[in-house]
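The values are calculated or read from the model by the stated rules, or taken from the named source; none is laboratory data. These numbers come from a predicted model, not from an experiment. Note that each Cβ is placed from the backbone with ideal geometry, even for glycine, and that neighbours are counted across all protein chains shown.
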C-alpha cells in the first residue's frame, strides 16, 4: 500500500511538471519565445542584439533568435551595429546578424564608427568597412571616423580622409583636430587655422590654440588671451584667461579665479562664480559662496541659493534647499523646494511626496494629481503605476483610475505592455487590463526593441512582444507620443521636424518610426528648437522615407523614479 502511494505521488509530480511546462511553452496563446530560458545572465536588447552569460561563456542573441556563443578571448559591446571580438590573440568583427564581417586576423582594432573601423595589421593602421573590405590607404596612425571624416597620421604629419577612403587633405599638417560642424582645426608653422571638408583653408592660421566648432563657435587663443571665433573668422570676446568648448549653446570662460559664460549668440555672462559646470539639459550649474545657482543656455541667471542640485529631466533639474526638494527649469523658472522627495519629470509631470503621500505636479509646480498614493512610478505612454492601500494599479494624467489597484507590484508601460505581479508570479497586461501573457515568471523586464528578458527556475530567456506593430502604433498615437515627421535623410542622419521639438525631445532621447511593418528606433543626439538630428539605433535607414510620423520611444523602462 505504501509503495502504491509513492507511485501515485511520483506520477502526480511528473504530471504537474509536464503540465506546467506544457502550459508555459505552448498553451499561453500570446506567449512567443525568442529563446527559451537557458542563460545564467541576460541583458536587454540594444542595437538589435542582447548579451548573455552561460557558464563561463559570453555570447549574444540576435533578433531572429540566433545564438552566437563562441569561446572568445575578449568581447566588446556593440558599436555602430557591430561587435569587436578577440580570439587566439587576433581581432575580428561580427555583425548584428551573427555573421562574420571579418574573422579574427588583426593585431589591433577599434570600434566601428560611422561605418568604418580602424584596424592594425603589423605596424600599419587601415580602415575596414562593414562589408569586410579594407580601404586602400594605410597610415602610421589613424583615428575614428567622426562626421564623415577621419584624421590620419603619416610620419609626424596629420591629414584627413572621408568615409569612402578618399584623401581630402594630404598628411602635411603639424597637428589637427577631428572635423566638427564641417570644419577641422589644423596647425601649420606653429599656428592654428581651419580647413573645410574639401581640404580648403577657410580661416587662415593665426591662433596659438584652436578648439572644435560647436553651435557655430570654437574657442581659441591669440596674443596671450582666450576667446572664440565663428565660422566666418570673426573673433569674439578675446579677453579671458581660459575658455572651454561651447556645450548646448553655452561656453564656459574664466577670468582670474572667477567663472562665467559666453552664449552661442555671443551674449556674455560676466565671470562672477567660484565654480561652474558645462551646460547639460539646457542649464549649467554654478556655485558662489557655497550656494548653487544656474545659468541657462540663453544666458539667464538663477541666483545661487540652493544647497544641492540633482538629476535633469525634460529640461528640469532637481534642487534642494533646507532639506526640501524642488526644481529649476531650463528657462529659469523655479518650482519652490517644499517637497519631501521628488522623482524626475516624465511626459510633463513629476512625482512628488508631501506629508508621506505621493502626487504629481506640472512644470510650473501646480498640482496635476493630488498626493494620495503610497508609492508611484513615472508616466509612460500616458499612464503611471501607483500604489494605493497596498495594491498597484494605473491612472491617467487626470488622476482617473484606468486599471484599479489589484496587483502586488507593477511597472510602467513599455511598447504598449506592462509587467505586473500577482500571486507571486509576473506576467504582462495591456492598457485594457487584459492578460497578454499570464503570470508565470519569477522575474521580468520591460520590453525593449520588441523583446523582454524573463526568468524561470533560475534561468533567463527572451520573449517577443505579444502586440502587433499596428497595435503598438495605436498605443503611441493614443498616448500623444507624436513628436513630428521625418523631414530629411542625409547619409546616416535623419532630420526630424516638429513645432514643439524643444519642449518634447531632449538630448539622447529615443524616438521611433513604424516602417515596413517594424519599429525603427532613433537616437536624438542633437535636438534643437524645431528639428532634431537623429541616428539609427536599430533598424535600417533604407526603410525610412520623408514624411513618416515620428514618436517618442518608451521601451526599456523598469525602475521607478
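Here residue 477 meets each of (1) closer than 25 Å to residue 446 by Cβ; (2) surrounded by 15 or more Cβ atoms within 10 Å (Cβ to Cβ) with one exception, condition (2).
If I ask for residues that are under 24 Å from residue 251 (Cβ atoms) and in contact with a strand residue (DSSP E or B) (Cβ under 6 Å, 6 or more places away or on another chain), which ones from the stretch 316-331 would you list? Selection gives 316, 317, 319, 328, 329, 330. Here is the figure for the stretch 299-327: residues that are crowded, with 17+ Cβ neighbours inside 10 Å and outside any strand (DSSP E or B) total 3. Return the total of residues in the stretch 523-561 being buried (at least 22 other Cβ atoms within 10 Å of the Cβ), over 25 Å from residue 419 (Cβ atoms) and at pLDDT 90 or above. Number of matching residues: 4. Is it the case that some residue within the stretch 348-364 is at pLDDT below 95 and outside the structural domain of residue 505 (by TED's automatic domain parsing)? Looking for residues that are at pLDDT below 95 and outside the structural domain of residue 505 (by TED's automatic domain parsing), one finds at least one in the stretch 348-364, hence yes.
Looking across 241, 196, 208, 212, one residue alone is at pLDDT 95 or above and within 16 Å of residue 278 (Cβ to Cβ). It is 212. Condition first: modelled with pLDDT under 95, in contact with a strand residue (DSSP E or B) (Cβ under 8 Å, 6 or more places away or on another chain) and on the phi > 0 side of the Ramachandran plot. Can you find one or more residues in the stretch 283-297 that meet it? No; the residues of the stretch 283-297 include none that is modelled with pLDDT under 95, in contact with a strand residue (DSSP E or B) (Cβ under 8 Å, 6 or more places away or on another chain) and on the phi > 0 side of the Ramachandran plot. Reported count of residues in the stretch 464-494, each being in contact with a strand residue (DSSP E or B) (Cβ under 7 Å, 6 or more places away or on another chain) and closer than 16 Å to residue 519 by Cβ, is 13. Tallying residues that are in a strand (DSSP E or B) and either within 23 Å of residue 471 (Cα to Cα) or free of Cβ contacts under 8 Å to residues at least 24 places away in the same chain (or both) within the stretch 497-532 yields 15. All conditions but one from (1) over 30 Å from the mean Cα position of the chain (by Cα); (2) assigned to a loop (DSSP other than H, G, I, E, B); (3) surrounded by 15 or more Cβ atoms within 10 Å (Cβ to Cβ) apply to residue 178; the one that does not is (1).
Of all residues in the stretch 384-397, how many are surrounded by fewer than 21 Cβ atoms within 10 Å (Cβ to Cβ) and either farther than 20 Å from residue 427 by Cβ or touching a helix residue (DSSP H, G or I) at 6+ places or on another chain (Cβ under 6 Å) (or both)? Total satisfying the criteria: 4. Is one or more of the residues making up the stretch 398-415 out of contact with any helix residue (DSSP H, G or I) (no Cβ under 6 Å at 6 or more places or on another chain), within 21 Å of residue 319 (Cβ to Cβ), surrounded by fewer than 20 Cβ atoms within 10 Å (Cβ to Cβ) and touching a residue at least 12 places away in the same chain (Cβ under 8 Å)? No, because not a single residue in the stretch 398-415 is out of contact with any helix residue (DSSP H, G or I) (no Cβ under 6 Å at 6 or more places or on another chain), within 21 Å of residue 319 (Cβ to Cβ), surrounded by fewer than 20 Cβ atoms within 10 Å (Cβ to Cβ) and touching a residue at least 12 places away in the same chain (Cβ under 8 Å).
Residues in the stretch 244-286 that are farther than 29 Å from residue 509 by Cα and part of a loop (DSSP other than H, G, I, E, B): 256, 257, 274. Every condition in (1) in contact with a strand residue (DSSP E or B) (Cβ under 8 Å, 6 or more places away or on another chain); (2) assigned to a loop (DSSP other than H, G, I, E, B) is met by residue 461 except one, and the failing one is (2).
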